[in-house]
1. Just checking, how many residues over the stretch 10-51 are of a type outside the set (S, T, N, Q), closer than 26 Å to Asp108 by Cα and part of a strand (DSSP E or B)?
2. So the check is Cβ under 8 Å with 6+ separation or different chains; which pairs have a first residue in the stretch 30-45 that's farther than 17 Å from Gly66 by Cβ and a second one that's polar (S, T, N, Q) and in a loop (DSSP other than H, G, I, E, B)?
3. I'd like to know if the stretch 66-77 contains one or more residues that are outside any strand (DSSP E or B) and without any contact (Cβ under 8 Å) to a residue 12 or more places away in the chain.
4. State all residues of the stretch 79-89 that are open to solvent by 40 Å² or more (accessible area, probe 1.4 Å) and either modelled with pLDDT of 80 or more or in a loop (DSSP other than H, G, I, E, B) (or both); if no residue qualifies, say none.
5. Within the bounds of the stretch 60-70, is there any residue that is under 22 Å from Gly47 (Cα atoms), polar (S, T, N, Q) and open to solvent by 70 Å² or more (accessible area, probe 1.4 Å)?
6. Just to be sure, is Gly16 of a type in the set (Gly, Ala, Ser), at positive phi and in contact (Cβ under 8 Å) with a residue 40 or more places away in the chain?
7. State which residue pairs qualify: first residue within 18 Å of Pro5 (Cβ to Cβ) and inside the stretch 91-105, second residue open to solvent by less than 50 Å² (accessible area, probe 1.4 Å) and in a loop (DSSP other than H, G, I, E, B) in any location, beta carbons under 6 Å apart, and separation of 6 or more residues or different chains.
8. Restricting the stretch 27-57 to residues that are modelled with pLDDT of 90 or more and touching an Asp or Glu at 6+ places or on another chain (Cβ under 8 Å), which is most open to solvent (accessible area, probe 1.4 Å)?
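The values are calculated or read from the model by the stated rules, or taken from the named source; none is laboratory data. Quantities reported herein were computed from a predicted structural model and do not represent experimental measurements. Here Cβ is always computed from backbone atoms with ideal geometry, including for glycine, and neighbour counts include all displayed protein chains. In case anyone asks, the SASA skips ligands and DNA or RNA and just uses the protein heavy atoms, side chains included. Shrake-Rupley method; radii C 1.70, N 1.55, O 1.52, S 1.80 Å.
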Amino acid sequence: MNFNPPIQLESLNGNGTTATATTRYPHRLSVGNNIEIVSSEDTNFNGTFTVASVPNEFTFTYSSGGPTLSAQPNGVPEVYINSYTGSYVRGGMFDEQNGFFYEYDGQDIY
């Protein structure tokens with residue numbers, strides 16, 4: 001069971017040290033979420049970052065923390081959420097009262 005599927009990006013653009021990512025589907029990220037970007041051919045876009053802003057449900061920004069980013073990297077970048085708070089993901093067989101399931105709260109799996 002995959003409790004943390006990747007978020008597929010439609011586009012990833014750089015301007016100075018700020019990267020702007022656009023997703024195909026609503027990303028459900030919040031400012032302050034810890035994310036990991038992988039599979040960009042420009043390695044300055046890859047790494048672990050904090051979401052800086054969320055202009056809408058399909059766009060978010062993060063800062064590279066130093067390296068200047070190119071206009072648009074090649075590759076098929078993906079985003080993974082490293083941790084989150086205030087919600088959980090459950091998988092298994094359960095109803096309102098009974099069942100067995102796994103629960104992931106963004107930090108630990110139970």
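1. 7
2. As it stands, the answer is Val38/Asn46; Ser39/Asn46; Glu41/Asn74, since those pairs meet every condition given.
3. Here is the first cut: in the stretch 66-77, the ones outside any strand (DSSP E or B) are 66-74.
From what's left, without any contact (Cβ under 8 Å) to a residue 12 or more places away in the chain: none.
No, the stretch 66-77 contains no residue that is outside any strand (DSSP E or B) and without any contact (Cβ under 8 Å) to a residue 12 or more places away in the chain.
4. Tyr80, Asn82, Thr85, Gly86, Ser87, Tyr88
5. Here is the first cut: in the stretch 60-70, the residues under 22 Å from Gly47 (Cα atoms) are 60-70.
After this cut, where a residue has to be polar (S, T, N, Q) as well, the list is 61, 63-64, 68, 70.
Keeping just the survivors that are open to solvent by 70 Å² or more (accessible area, probe 1.4 Å) gives 68.
Yes, that holds for at least one residue.
6. Working: of a type in the set (Gly, Ala, Ser): yes; at positive phi: yes; in contact (Cβ under 8 Å) with a residue 40 or more places away in the chain: yes.
Here the answer is yes, as Gly16 does meet what is asked.
7. From the stretch 91-105, the pairs are Tyr104/Phe3.
8. This residue is Thr48.
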